[in-house]
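Below is one structure; the comments refer to it alone.
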Amino acid sequence: MAIATINPTTGETVETFEPLTDAAIETKLGLAQTAFKQYQRLPFEQRSIWMQKAADILERDREIYGKMMTLEMGKTLKSAIAEVEKCALVCRYYAKNAAQFMADVPASTDASSSFVRYQPLGVILAVMPWNFPFWQVFRFAAPTLMAGNVGLLKHASNVPQCALKIEEIFTEAGFPEGVFQTLLVGADKVGKIVADDRVKAATLTGSEPAGESLAAQAGKSLKKVVLELGGSDPFIVMSSADLPAALSTAVTSRMLNSGQTCVAAKRFILAEEIAEEFIAGFVEKFEQLKVGDPMLPETDIGPLATPAILKELDNQVQACIASGAKLLTGGRALSEKAGNFYLPTIVTDIPLKAAARQQEFFGPVALVFRVANIDEAIELANSTSFGLAATAWTTVSSESDRFMNELEAGAVFINGLVKSDPRLPFGGIKRSGYGRELSIQGIHEFVNIKTVWVK
Ligand code: NAP
C-alpha cells in the first residue's frame, strides 16, 4: 500500500510520501534507544509539563489538525475537531495521574520492607489504524511517554500527514529528540522492527489479520503485545427500555465516524414487543441522515476512508441480501458522487447460516435481529468470535445484572453509548484482542512490575 494522502471525498491524490529506507529506520531506532537512556530518569513533573504543553498545542491548533484528518480519511470536520479535544484530555489525564499510577505499592510480607515498583521498559512500537488518526495515537502515547518509555509510531499508510504532525506536536511540546518518532513505513517492515532488540514491546490497533501477524512476529522474540482488534458489538433493547433514548443512541453509535468505529454498535438485538416500533424509527432516522462533504457542518456522514473499504462493505451487504436477508433501507454506494460514499443501510431477517452474522461491518450498516426473551438476547449477543463491547437497554435491574455478568465483552454499558474514556480501561476479549489501554491499567501494560524485597 502506497504511503499517500488520497482525499476520500474526491478521490484526488493530494501527496505521496517515500517510505523510510532501512538505513533511516536504523537511525531512528538508534535515536530512540539513546533517548530512552536519559528520558527514563526524568522526574514525572518534567514529563508532565511537556504532556500538558502537548495538550495546549492540540487545543490551540484543533482546526488545523481536524482539517488534516478530514482530508486524509473523510470523517466529518466537527467530529475531527472533537477528536483533537479528546486527545488533549488524555494528555492532561496522564500528566496529572501518572506519578500516582506509577508510585510504589507496599505489600506486607516477611521482609522488613517489600513493595511493587513500576519501571518503564524502553522503546515501544505502536502500529495504528486510520479511523481515529489522532485519538488512537494519543491514547497510546500519553500513558507510554508518561511512564518513561519512548514511542515509535507506524501509522496507517493513508494518514501520513497526521502521522508526521503528531511527531511535530510532541517535539514542539518539548519532549527530547527521539522520545516520540513517526516511522513512515509500510506494514511489510513491522516484523523486522518488532524483532529488533532495541524494541521491547508493541501494540497494534487494527484488523484481525494484522493482529495475528504482529502477535506471531512478536512471539518469535518473546515480546509483549497489546492488541485492540475488531468488534461486532451488540446493542440490546429490552421491552422496558426508554425507547426514544435507545433509538437516538443506536443511530449515533452505528453512525459515529461514518460507521468506521471498532466499538460502534453493529448488531441491534430487539425484544419482540418493541421491535416493530424501534425498526420504524430506526429506518426513519437513517433516511434523514445527510451523506456528503465532511467539511460541511450540516453533514452527518462523510465518505468511507478508501475505495477498498467501500467495495468490501458493499460486497458484505450484497452477500447478506443474497443469503436471504431483507434490506430495509440503503444498500448501495452513492455512485452519483465522486468519493467513497455509502448510503446508511439496515438489513434484517438475516438467516442463521449467513456469514454476515459473524462479520464486522466497518461502515454505516446496521444488522437487526428480534428475540423472544433475555436468554435469546444474551445467546445471540455472545454468538460471534468478537468480544469488544456491548450495550443493553433495560430498566429492570435483574436484567441489567444478567447483562453485566453474562455478556462476553471487554465493556458493558447499560442505557448509554459505548465510548472510550481516559478514566476507564478499554480493550476486548476473544478475537477482539487482549490487554487494555487507558486508565491505570493502560499505563501498566508497558512497564516492568518489579517486586522488591528487603530484609
Ligand atoms: P489494518 O488494515 O489492520 O491496519 C491497521 C494498521 O496495521 C495499519 O497501520 C496497517 O498498516 C498495519 N498492518 C496491516 N497489516 C499488517 C501486518 N500484516 N503486520 C503489521 N501491521 C499491519 O486495519 P484497518 O482495516 O485499516 O482498520 C480497521 C480495523 O481496526 C477494524 O477491524 C476495527 O474494528 C479495528 N479497530 C479496533 C480498535 C480497537 O480499539 N479495538 C480501534 C479502531 C479500529 P498499512 O496501513 O500500511 O497497511
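The values are calculated or read from the model by the stated rules, or taken from the named source; none is laboratory data. Every value quoted in this text rests on a predicted model; they were computed, and no experiment measured them. Neighbour counts run over all protein chains shown; Cβ positions are idealised from the backbone, glycine included. The protein model used for the area step is the full one, side chains on, heavy atoms only, and it has no ligands, DNA or RNA in it. Shrake-Rupley method; radii C 1.70, N 1.55, O 1.52, S 1.80 Å.
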Run down Phe140, Phe115, Phe132 and say which single residue is at pLDDT 95 or above, surrounded by fewer than 23 Cβ atoms within 10 Å (Cβ to Cβ) and either aromatic (Phe, Trp, Tyr) or within 18 Å of Ile25 (Cα to Cα) (or both). Phe115
Single residue of segment 104-155 satisfying the filter (of a type in the set (A, V, I, L, M) and out of contact with any strand residue (DSSP E or B) (no Cβ under 8 Å at 6 or more places or on another chain)) that is nearest to the ligand (Cβ to nearest atom): Ala142
Quick one: what pairs do we get from segment 243-263, first residue under 22 Å from Asn340 (Cα atoms), second away from the ligand (no atom under 16 Å from the Cβ) and open to solvent by 10 Å² or more (accessible area, probe 1.4 Å), C-beta under 6 Å, 6+ apart or different chains? Val251/Lys285
Test: residue in segment 83-95 that is within 16 Å of the ligand (Cβ to nearest atom), in contact (Cβ under 8 Å) with a residue 24 or more places away in the chain, closer than 21 Å to Val179 by Cα and assigned to a helix (DSSP H, G or I): yes
Exclusive hit being away from the ligand (no atom under 15 Å from the Cβ), open to solvent by 10 Å² or more (accessible area, probe 1.4 Å) and either in contact with a Phe, Trp or Tyr (Cβ under 9 Å, 6 or more places away or on another chain) or farther than 30 Å from Tyr434 by Cα (or both), set Leu222, Leu247: Leu247
If you scan segment 414-427, which residues turn out to be open to solvent by less than 50 Å² (accessible area, probe 1.4 Å), touching a residue at least 24 places away in the same chain (Cβ under 8 Å) and within 16 Å of the ligand (Cβ to nearest atom)? Leu417, Val418, Ser420, Pro422, Phe426, Gly427
Output the number of residues of segment 156-192 satisfying the condition of being among the charged types (D, E, K, R), within 12 Å of the ligand (Cβ to nearest atom) and out of contact with any strand residue (DSSP E or B) (no Cβ under 9 Å at 6 or more places or on another chain). 2
